[in-house]
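This report refers to the structure that appears directly beneath it.
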């Protein structure tokens, strides 16, 4: 089998990016000037009162839904849904408060619906958020029986003190990686194509996304100025780091272990494509100006595997992994 | 043809309501106690700083999507999407600020995507909101080619001063109705079933939902204490008024004209079912303690058709329309 790419799996990233560019241009209004900018654009931030702003973001779980469907296991997909938005929200320096779900089905089935909601509530608990509302839409004709979609919406608050602008990211700062649990919720179209028919591997795909909120919020309180950038590693894989700054690059000297499931997929996909699509063992990246060891310790105490994985360089828009002789450009 | 009901169209409201009841019970956490209560539960409100809170809500456009699909006209469905959440947000006394969309497709098609986004932006302009972010998800396998779904998230701010709690609703207060443009975005499953094959009528179904934000926000500023309740008439039709208070009832003496499209549907559906499903000419209901005429005038000047339609009564959970000899219970 020839090595596969994300485009082979039917997802055209360039078309999507071109659409988003057009959209942003068309949507631009004077009101956008009031918004606060944050590194990576992981959330939208609007000032509310005094020094405090509200941060919001939305996402889905993509085609991980189809894995849940194939395995008929819907109890953890809600954790993924919360993870996708909660982990985004912390990247701007926000403390998540409320989660809302949009759950659309062809015909509402109690067992399926209860399983999904259990996962969402478990995810909210892990993120320290409350499930504050949502919409359950029954749409016969849009979704076939048994099919559904999920969107999540996370709300948090952020102050000027914890806001992560990315402006202070500079060469020499430490890059801290926090381990992922597996594939998380990105690159599933490609993964499903590669692993088709391999039920044991499919089951590993379903492992829920880790939620990094609690140790991060602890760090917002204990070390509010140490963190200069934070990247949730989602669609686009390690390129997510480029979102933090266009003035620097990254050198990853000590990568975290690659989860089995990603190693399995890596047998069929070129390394470059792997790092441009998957989290490759690292679900969250933190750039630290100071206290890198203390940050690592905070994650370790919270039960996460974390370590200093590399350093910020002056090679703008360039990421290198010397041990793999791998270079990725923005 | 026998008269049709909403259940005949494949939508089981009781099952959905039972699910939401279970969900709320299971999701309950201490954090919910911090939330502000508002009449009708149209949005979730979490205190942010001092006297200010953030209000959020989510919704979709339901099977109005299928009408857009059938007619291949996708330019206004985005207006409906914004309307559904923006009109909900004002019902708690919030001023909408940000809108985020979740747009999921099988395969991204430029023409379709651009049409949808144009509608969303038009809706945001009508609501005085900015399109602050969103997610465009390409999910081959979940959605067939040409199929898509949309969810909208609206964010606003609310203060103790404008918060509409419903506590001050009392018998004798005026009920003001603001006209709808047609079916808006609710009851479409039933409507489609009734009007199947009638292309002229289908086209009328697609008329965009009116967005009531601007005059209402004007009233929050000019008459902050006159409004004691506000109901966006969505799924459940006129029963939405019951959401405002379980201590009072409503008598509608001078209903607004019924839009042609709803009259057409009414040929096949019993009156009771019509009022329990559709807006019946009234997209927004306002309960006013004072200044009813001034409120009507504010809507009129903003280009809406509005009038005092009735009065709050002491017959709890009972809505009467004497001219139609119609009584609806909660």
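Throughout, read-outs are computed from the coordinates displayed, never taken from laboratory work. Everything numeric here is computed off the predicted structure, so don't read it as measured data. Using ideal geometry, Cβ is built from the backbone for each residue, glycine included, and neighbour counts are taken over all protein chains shown.
Any idea what Rg and Dmax come out to for the protein assembly as shown if you just take the C-alpha atoms, in Å?
25.2, 82
List the distances, in nm to one decimal, from the label point of residue B:14 to the label points of the same position in every other copy, shortest first, placing each label point 7 Å from Cα along the Cα-to-Cβ direction.
Spelled out, the distances from residue B:14's label point are 5.6 nm.
Which order do the peptides B:52-58, B:219-225 come out in when sorted by mean C-beta neighbours inside 10 angstrom, highest first?
My ranking of the peptides, most packed first, is B:52-58, B:219-225.
Which of these, A:25, A:204, A:64, has the largest mean-square fluctuation under a Gaussian network model of chain A (Cα springs below 10 Å)?
Result for chain A, Cα springs under 10 Å: A:25 fluctuates most.
For region A:184-286, what number results from the quotient of the Cα radius of gyration and 2.2 N^0.38 Å?
With N residues counted in region A:184-286, Rg over 2.2 N^0.38 Å equals 1.19.
Tell me, what is the FRET efficiency for residue B:301 and residue B:330 to the nearest 0.05, using R0 = 41 angstrom and their Cβ-Cβ distance as r?
0.75
Grab the DSSP H runs of chain B that are 4 residues or longer, score each as -39,500 (n - 2.57), total them, divide by all residues and round the 222 nm result to the nearest 500 deg cm²/dmol.
Taken over chain B, the calculation gives -9000 deg cm²/dmol.
Cα-Cα pairs above 22 Å in region B:7-159: how many percent?
49 percent
Write down, largest first, the equivalent ellipsoid semi-axes of region A:282-330 in whole Å, where each equals the square root of 5 times an eigenvalue of the alpha-carbon gyration tensor.
24, 13, 9
Would you work out the relative contact order for chain B, in percent, from Cα pairs under 8 angstrom that are 6 or more residues apart?
Over chain B, the number comes to 22 percent.
At R0 = 51 Å, how high is the FRET efficiency between residue B:260 and residue A:260 if r is their beta carbon distance? Nearest 0.05 is fine. Each step should come with its number before you reach the end.
Values: r = 62 Å, r/R0 = 1.22.
The formula returns an efficiency of 0.25 here.
Please list log₁₀ I(q)/I(0) at q = 0.13, 0.25 Å⁻¹ for region A:148-227, using the Debye equation with identical point scatterers on the alpha-carbon positions.
Values returned for q = 0.13, 0.25 Å⁻¹ are -0.67, -1.28.
Which percentage, to the nearest 5, of the DSSP beta bridges contained in region B:1-141 is antiparallel?
If I count the DSSP bridges inside region B:1-141, around 45 percent turn out antiparallel.
Which distances, in nm and shortest first, link the residue A:72 label point to the same label point in every other copy, taking 7 Å along Cα→Cβ?
Result for residue A:72, in nm, nearest copy first: 4.0.
Taking each residue of A:20-26 in turn, how many C-beta atoms of other protein chains fall within 10 Å of its C-beta, and what is the average?
4
What fraction of the DSSP beta bridges in region A:174-329 is antiparallel, stated in percent and rounded to the nearest 5?
DSSP beta bridges in region A:174-329 are roughly 90 percent antiparallel.
So, in Å, what gap is there between the alpha-carbon centers of region B:145-220 and region A:67-145?
That distance is 25 Å.
Cβ neighbours within 10 Å, averaged per peptide: list A:65-71, A:179-185 in order, most packed at the top. Working shown, then result.
On the way: A:65-71: 19.6, A:179-185: 22.9.
Listed from highest to lowest mean packing, they are A:179-185, A:65-71.
Please report the spacing between the Cα centers of region B:255-330 and region A:293-327 in Å, no decimals.
If we compute the Cα centre of each part, the gap is 61 Å.
With 20 Å bins from zero, work out the P(r) of chain A over every alpha carbon pair and list the percent per bin.
32, 60, 8
Per residue of B:100-106, what is the mean number of Cβ atoms on other protein chains within 10 angstrom of that residue's Cβ?
The mean count of partner-chain Cβ atoms within 10 Å per residue comes to 5.
Any idea what % of Cα-Cα pairs in region A:232-313 are farther than 22 Å? Don't skip to the answer; put the middle values down first.
Details: 896 of 3321 pairs.
Distances greater than 22 Å cover 27 percent of the Cα pairs.
How many nanometers, to one decimal and shortest first, lie between the label point of residue A:293 and those of its other copies, if labels sit 7 Å from Cα toward Cβ?
List, nearest first: 7.8 nm.
What is the spin-label model distance, in nm, from residue B:267 to residue B:111 if the labels are put 7 Å beyond Cα along the C-beta direction?
Placing both labels 7 Å along Cα→Cβ, they lie 3.3 nm apart.
For the pair residue B:70 and residue B:218, what calculated FRET efficiency results from E = 1/(1 + (r/R0)^6), where r is the Cβ-Cβ distance and R0 = 41 Å, to the nearest 0.05? Don't skip to the answer; put the middle values down first.
Working: r = 37 Å, r/R0 = 0.91.
Using R0 = 41 Å, I get an efficiency of 0.65.
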